[in-house]
Structures are given as C-alpha cells and as structure tokens.
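**Q** First the structure, which I've put down as structure tokens, then a few questions once you've had a look.
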Amino acid sequence: MNLKDKILAGQRVNFEEALTLYDMDLFDLGFLADTIRKNRHGKKTYFNINRHINPTNVCADVCKFCAYSATRKNPNQYTMSHEQILEIVKDIDSRGAKEVHIVSAHNPNTGLEWYLDIFKKIKTAYPHLHIKALTAAEVDFLSREYGKSYDEVLDLMVENGVDSMPGGGAEIFDEKVRDYICKGKVT
Ligand code: SF4
C-alpha cells in the first residue's frame, strides 16, 4: 500500500513516512488532510471562544510593520494593571469563554514577575480557563532581558499556569527580509 492509500485508510504513518510528507505536493497534502478531517468529523467544525488581551504596548523593539507598539506611531503608551486584566477575564468567563490569549509588546519596564504573577492570578481564580500566552518572540525577549534560558522562562510560565503558546511574532523567516522589517527580533 502506498503512503497516500495508507493515510486515506486511516492507518498511522511511521516516522520515516511522515518525513516524506515534507516533499509532497501541497495540494495532495491538503487533499489528504481534508479527507481525514471529513472522515473523522463529517461536517462538524470546532472552535473555541477566546479573548485576546494585550497588556502593554510599550516595546523595546522597532518593527517596521508595527502599528501597535507605542515607541513609533502611537504616542499613547499603556500598561494594564493586573486588576484591569482580571476584570476582563472575569467578564469573558461569565460569557462562556474557554481561553484567554495574552500577547503584547517587549516591555522592558514590567519585569518577568509581572507576567508570571498575572498568569498565576488568572489560573488560581479561573482554573478551567486555558491560558495561551507569550509568543516565541516574547519568550526570547524575556530570556535576554532577565538572563534566563528559554527552558527556564518556559518552565516558569508553565509553573504559573500557562497552558500553551500562540504562534505570533514569526512574521517572515527569510533572514534578509526579517533583518529589514524587524531587526533585532529573534530569528
Ligand atoms: S516586537 Fe511586536 S510590539 Fe514590538 S515593535 Fe515588533 S511587532 Fe511591534
């Protein structure tokens, strides 16, 4: 049985077979993924209800495309208090949200504890809420700013209640382009 037939038959692929998926035509790969999805879930689609919270727009970095951070186009800097953040979480919890998604800028003034504290406060008060927080770019910033390894920052996040990471901060990985649009940010 070839790999496509195996996948369509719902059989697990082994490690070596999975690696060959990298070289598969994108449309073939999409067809396989969609077929498996339909076989498993029919016409059902799943989603979660979440709320994005952006606790601060003060940023040590200067990305050319950014219309969010306060250092360039927006003179109105803000950093939310923990009370303000908890008010938002209380509100979304009462309205059935399942996840809180916390991402923001690279603020050199808040301190690592500020982030860890708010994660802990949310998890303690709302243990049923999934906390998705801090992009890889933010983890990199905190790691450099506070002299901790990535593992240490991630461990602290998990210990304080973070359940998963969002994918933001990646933008474009081509080194030349990345160097032009967001010099200094993690590669
Ligand atoms: S790191 Fe993020 S918030 Fe800061 S300037 Fe770049 S895109 Fe904007």
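**Q** Within segment 32-58, which residues are closer than 30 Å to Val13 by Cα and assigned to a loop (DSSP other than H, G, I, E, B)?
**A** Residues satisfying the conditions are Gly42, Lys43, Lys44, Thr45, Tyr46, Phe47, Asn48.
**Q** Further question: Within segment 34-44, can one find any residue that is outside the structural domain of Ser94 (by TED's automatic domain parsing), at pLDDT 90 or above and surrounded by 14 or more Cβ atoms within 10 Å (Cβ to Cβ)?
**A** yes
**Q** Any chance you could count how many residues in segment 80-115 are modelled with pLDDT of 95 or more, of a type in the set (S, T, N, Q) and surrounded by 16 or more Cβ atoms within 10 Å (Cβ to Cβ)?
**A** Qualifying residue count for the region: 0.
**Q** Next up: Looking at Asp61, Asp93, can you tell me which residue is within 16 Å of the ligand (Cβ to nearest atom) and touching a residue at least 24 places away in the same chain (Cβ under 8 Å)? Let's see the steps before the verdict.
**A** Working: Asp93 fails: within 16 Å of the ligand (Cβ to nearest atom).
After applying the criteria, what remains is Asp61.
**Q** Against the definition (more than 13 Å from the ligand (Cβ to nearest atom) and either more than 26 Å from Trp114 (Cβ to Cβ) or in contact with a Ser or Thr (Cβ under 7 Å, 6 or more places away or on another chain) (or both)), how does Tyr78 come out, yes or no?
**A** Answer is no for this residue.
**Q** A further question follows. On the given criteria, is Leu116 more than 19 Å from Ala60 (Cα to Cα), in a helix (DSSP H, G or I) and not acidic (Asp, Glu)?
**A** Details: more than 19 Å from Ala60 (Cα to Cα): yes; in a helix (DSSP H, G or I): yes; not acidic (Asp, Glu): yes.
It is true that Leu116 is more than 19 Å from Ala60 (Cα to Cα), in a helix (DSSP H, G or I) and not acidic (Asp, Glu).
**Q** It is to be established whether one or more residues within segment 156-178 are in contact with a Cys (Cβ under 8 Å, 6 or more places away or on another chain) and within 13 Å of the ligand (Cβ to nearest atom).
**A** yes
This table checks each residue for (1) hydroxyl-bearing (Ser, Thr, Tyr); (2) under 15 Å from Asn54 (Cβ atoms).
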{"residue": "Asn76", "(1), (2)": "no, yes"}
{"residue": "Tyr115", "(1), (2)": "yes, yes"}
{"residue": "Ile118", "(1), (2)": "no, yes"}
{"residue": "Met157", "(1), (2)": "no, no"}
{"residue": "Tyr180", "(1), (2)": "yes, no"}
{"residue": "Lys183", "(1), (2)": "no, no"}
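**Q** Also: Just give me the residues in segment 124-153 being more than 15 Å from the ligand (Cβ to nearest atom), assigned to a helix (DSSP H, G or I) and surrounded by fewer than 18 Cβ atoms within 10 Å (Cβ to Cβ), in sequence order.
**A** The answer is Thr124, Ala125, Tyr150, Asp151, Glu152.
**Q** Specify the residue that is farthest from the chain's Cα centre (by Cα); the eligible residues are those in segment 42-58 that are of a type outside the set (D, E, K, R) and more than 16 Å from the ligand (Cβ to nearest atom).
**A** Among those that are of a type outside the set (D, E, K, R) and more than 16 Å from the ligand (Cβ to nearest atom), it is Gly42.
The values are calculated or read from the model by the stated rules, or taken from the named source; none is laboratory data. Remember, it's a predicted structure, so these values are computed and weren't measured experimentally. A quick note on method: Cβ atoms are made from the backbone with ideal geometry, for glycine too, and the neighbour counts reach across all protein chains shown.
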